Amino acid sequence: MNLDIELIFSEIGGTFLSNALDISAKLKTIKAFVFDWDGVFNNAVKNENKSSNFNEADSMGTNLLRFNYFLHNNKMPACAIISGEKNEMAFYFCNREHFDASYYKVADKIIALEHFCKANNIEKSEVCYMFDDVLDLSIAKVCGIRILINRKANPLFKNYVINNKLADYITAHESGNFAVREACEMLIGLSETYNDVIEHRTDFSPIYKDYITQRQAAPTTFFTVENNEIVVG
């Protein structure tokens, strides 16, 4: 089944830098999903309010990914956005989707990851990270699964990531073009429960109701950096 998933996503242009079996094995140890914001959920273009948007297909992807984890583990995964900038839409997204944390204006992102891991009693190797640029590499060096959101405009950066083994998968779709949804579907597919996830969500089954109740009860905490330390923002 995992080889079928590798073929399906390779055919649309996704690049497996680690083979599907290895990613699938790593996925069993993952306890948290962390995302960059600009260039991951969007194309990094700012609007008149100096923020950047997201799309509902990517949002549903993150929800299905979290529910997939819930199906396998009967508990919620930890989730966060770690951004180098302040984005009102990221705050809105985290609140609406009940992510555990939103870190903003964090120039040295490893500080935020260390804070997040300590707060959730997990190891860096138990984090899956979706990212797109230089600011993210300190996290990509240490986390368990690394997914690079594609952008054709930076071939040298992409080669750097490949040559230094800083990603396990590169999306076929570019930033702002449903790349997060692609990555979420790929991970769910590798866990071999994609059909179960879709059917539970379609039927709003008792286990999905339990998941959504727990998800909606989770508060989001906002953090930033002062004097090189994470503080509540």
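Tabulated data
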quantity: One residue from Thr202, Thr221 being surrounded by 14 or more Cβ atoms within 10 Å (Cβ to Cβ), farther than 25 Å from Ala25 by Cα and not basic (Lys, Arg); calculated: Thr221
quantity: The one condition in (1) modelled with pLDDT of 95 or more; (2) over 15 Å from Val180 (Cα atoms); (3) polar (S, T, N, Q) that Asn87 fails to fulfil; calculated: (1)
quantity: Of all residues making up the stretch 163-176, the number that are under 10 Å from Asn150 (Cα atoms) and either modelled with pLDDT of 95 or more or among the acidic types (Asp, Glu) (or both); calculated: 6
quantity: Hits in the stretch 11-70 - residues which are touching a helix residue (DSSP H, G or I) at 6+ places or on another chain (Cβ under 6 Å) and charged (D, E, K, R); calculated: Lys31, Asp36, Asp58
quantity: Those residues of the stretch 9-28 which are assigned to a loop (DSSP other than H, G, I, E, B) and either touching a strand residue (DSSP E or B) at 6+ places or on another chain (Cβ under 9 Å) or closer than 14 Å to Asp132 by Cβ (or both), in sequence order; calculated: Ile12, Gly13, Gly14, Leu17, Ser18
quantity: Subset of the stretch 171-200 that is of a type in the set (S, T, N, Q) and not in a helix (DSSP H, G or I) - its residue that is nearest to Asn2 (Cα to Cα); calculated: Ser191
quantity: Matching residues, the stretch 107-147, being farther than 19 Å from Leu190 by Cβ, among the polar types (S, T, N, Q) and in a helix (DSSP H, G or I); calculated: Asn120, Ser138
quantity: Filter result (farther than 13 Å from Ala183 by Cβ and not charged (D, E, K, R)) within the stretch 1-12; calculated: Met1, Asn2, Leu3, Leu7, Ile8, Ser10
quantity: Top-ranked residue in the stretch 60-86 [being out of contact with any Lys or Arg (no Cβ under 8 Å at 6 or more places or on another chain) and closer than 14 Å to Val40 by Cα; ranked as surrounded by the fewest Cβ atoms within 10 Å (Cβ to Cβ)]; calculated: Thr62
quantity: Pick from the stretch 128-176, criterion aliphatic (A, V, I, L, M) and loosely packed, with under 15 Cβ neighbours inside 10 Å, ranking: farthest from Asn53 (Cα to Cα); calculated: Ile162
quantity: Residue in the stretch 46-68 that is in contact with a Ser or Thr (Cβ under 9 Å, 6 or more places away or on another chain), farther than 26 Å from Tyr211 by Cβ and small (Gly, Ala, Ser) present; calculated: no
quantity: Pair list, Cβ < 6 Å and 6+ apart or interchain, from the stretch 6-34 residues that are over 29 Å from His98 (Cα atoms) to residues that are modelled with pLDDT of 95 or more and in a loop (DSSP other than H, G, I, E, B); calculated: Leu17/Ala167; Leu17/Asp168; Ser18/Asp168
quantity: Answer from Asp108, Asp38 - the residue that is of a type in the set (D, E, K, R), buried (at least 19 other Cβ atoms within 10 Å of the Cβ) and at pLDDT 95 or above; calculated: Asp38
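The values are calculated or read from the model by the stated rules, or taken from the named source; none is laboratory data. Treat the numbers as computed from the prediction; the structure is a model and nothing was measured. Cβ atoms come from the backbone with ideal geometry, glycine included; neighbour counts cover every protein chain shown.
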